[in-house]
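First up is the structure itself, then whatever we jot down about it.
The values are calculated or read from the model by the stated rules, or taken from the named source; none is laboratory data. Because the structure is predicted, anything quoted here is derived from the model rather than measured. All Cβ positions, glycine included, derive from the backbone under ideal geometry; neighbour counts span all protein chains shown. In case anyone asks, the SASA skips ligands and DNA or RNA and just uses the protein heavy atoms, side chains included. Shrake-Rupley method; radii C 1.70, N 1.55, O 1.52, S 1.80 Å.
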Amino acid sequence: MRRFSDEELTAFLDGEADDALQAEIEAALDADASVAEQMAALDVPLAPIAEAYEALLQDAPPMPALPEPVAAPSPRGRWGFGIGTFATGLAAGLAVAMFAGFGTPEEPAPRGWVSFVASYQALYTAETLAADNPSPAEAALQLASVSDAIGLDLSALPAAGDLTFKRAQVLGFRGKPLIQIAFARADGTPVALCILPSGPDAKPVDMGQAEGLGLARWNTPGYGFLLIGGTDTVPLAEEAETFQSWSADIAT
């Protein structure tokens, strides 16, 4: 995986990256922790730092009144730099010490779309989808709606393992449509197939884990796919193989 320049990551943070670069960085955020660390180092919020520093200075105890310097000259040895200089140094040192001691809260590393989907899917239980049993006509309407939103024909979903279609909906991620197609296995385990517009390069299935859930991700030209759900990676891998083959067909 290539290393992104600071200029590319800054453009991503400012929302000025083109679609291809944005998709490449989003994929890298999920696959390589060093990219998130590099981006976090660039994403420094200056306003909160200034506000925290201002508050610390306001809360600091007032400096005590200092005696007037005597008129008689005094030796200027090691400590003979003058009380005014000492007071200035003390005040500056106090402010720096207080600021360094309190510090500022660390900004969380930026998250990619897979991380957000995993957090959402982790909330699902078997009961979440138990009441969703659409008729064939209702399922067709839902799939037509998400097809229009993403620009892919998703109407002919393949039969994958023992998955049963439950619902399809349009979510969103950073201004792009994020499609979620929810299924349930025979034992009630919720599984989601998610699709997001992405970069131009195709990528093979890559198995992984997030939020304690098994996941499989891959890309076709222009789209990123994610299958996530449950903890058993054996059925997930078989389901992912079926969906990956299907996605390659509908992407052409």
Q | One residue from Arg167, Arg185, Arg174 being at pLDDT below 95 and not aliphatic (A, V, I, L, M) | A | Arg174
Q. How do the strands (runs of 3 or more DSSP E) wholly within segment 135-205 filter down when requiring 3 or more residues that are under 14 Å from Thr220 (Cα atoms): which remain?
A. 190-197
Q: Scan segment 210-244 for residues that are out of contact with any helix residue (DSSP H, G or I) (no Cβ under 8 Å at 6 or more places or on another chain) and open to solvent by 60 Å² or more (accessible area, probe 1.4 Å) and report the count.
A: 7
Q: Assess whether Gly230 counts as being in a loop (DSSP other than H, G, I, E, B) and at pLDDT 95 or above.
A: yes
Q) Hey, any hits in segment 176-184 for a residue that's over 14 Å from Ala23 (Cβ atoms), among the aromatic types (Phe, Trp, Tyr) and open to solvent by less than 40 Å² (accessible area, probe 1.4 Å)? A) yes
